[in-house]
Amino acid sequence: AGWRDWDQRRLRAVLAHERAHVAWGDFWVQLLARVHGAIFWFSPLALWLQNRLTVLAEAASDDAALAELDDRPGYAEILLHFAAHPQHASAAVAMARTRTVRRRVERILSGAAGPIRSGWRHYAVTAAAVLCAAALAAGCSVHA
């Protein structure tokens, strides 16, 4: 609600972070992960996948904000501010969820590398391999 009072540095960081979520299609990835979790609710790997995809999406978006600011301690300070004042962080600006902020700040300050962005060809090849493996497994179970 108070975004008009933010300084330019914070505004640039938040916009870069959220813009990266949009560019990567994180909404759709999270939606598919939730559907997968609902179908395979009995598998602990389904919950692990949801959590892992969330961590990777936040790391990639943090890296985009860091590229915009080029100030690791400053960006960590912004995340800590949002985590310390959750009433100011609405659902629209959920870039500092308190349950993940400690790990994210440690990664940012240590300079650890984030995920490497892959192109659409990499995703297409991965999807084709997964579909082939699923078809093979389904065919073997039907034949047996």
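Principal semi-axes of the equivalent ellipsoid, √(5λ) from the alpha carbon gyration tensor of region 6-68, are 29, 10, 8 Å from largest down. Annotation: peptides 43-54, 62-73, ranked by per-residue average of other Cβ atoms within 10 Å with the highest first, follow the order 62-73, 43-54.
Between Arg34 and Val125, what length in nm is gained on full extension when 0.36 nm per residue of separation is reduced by their alpha carbon distance? Present the calculation step by step, with values, prior to reporting the outcome.
Details: separation 91, 0.36 × 91 = 32.76 nm, distance 2.30 nm.
Residue separation times 0.36 nm, minus the Cα-Cα distance, leaves 30.5 nm.
In nm, what is the difference between 0.36 nm times the number of residues separating His85 and Leu11 and their Cα-Cα distance? Could the numbers behind the result be given before it?
Details: separation 74, 0.36 × 74 = 26.64 nm, distance 1.62 nm.
Roughly 25.0 nm would be gained on extension.
Which order do Tyr75, Tyr123 take when ranked by solvent-accessible area (1.4 Å probe, heavy atoms of all protein chains), largest first? Let's see the in-between values first.
Working: Tyr75 0, Tyr123 125 Å².
These residues rank, largest area first, as Tyr123, Tyr75.
Given a 1.4 Å probe and every protein chain left where it sits, what share in percent of the accessible area of region 1-87 is carbon and sulfur?
Percent of accessible area from carbon and sulfur atoms in region 1-87: 65.
For Phe40, the accessible surface of its heavy atoms amounts to roughly 90 Å² (probe 1.4 Å, protein chains only, rounded to the nearest 10).
The values are calculated or read from the model by the stated rules, or taken from the named source; none is laboratory data. Just so we're clear, the structure is a prediction, and the values are computed from it rather than from any experiment. So basically every Cβ, Gly included, is an ideal-geometry build from the backbone, and we count neighbours across all protein chains shown. Note: accessible area is taken over every heavy atom of the protein model, side chains too, but ligands, DNA and RNA are not part of it. Shrake-Rupley method; radii C 1.70, N 1.55, O 1.52, S 1.80 Å.
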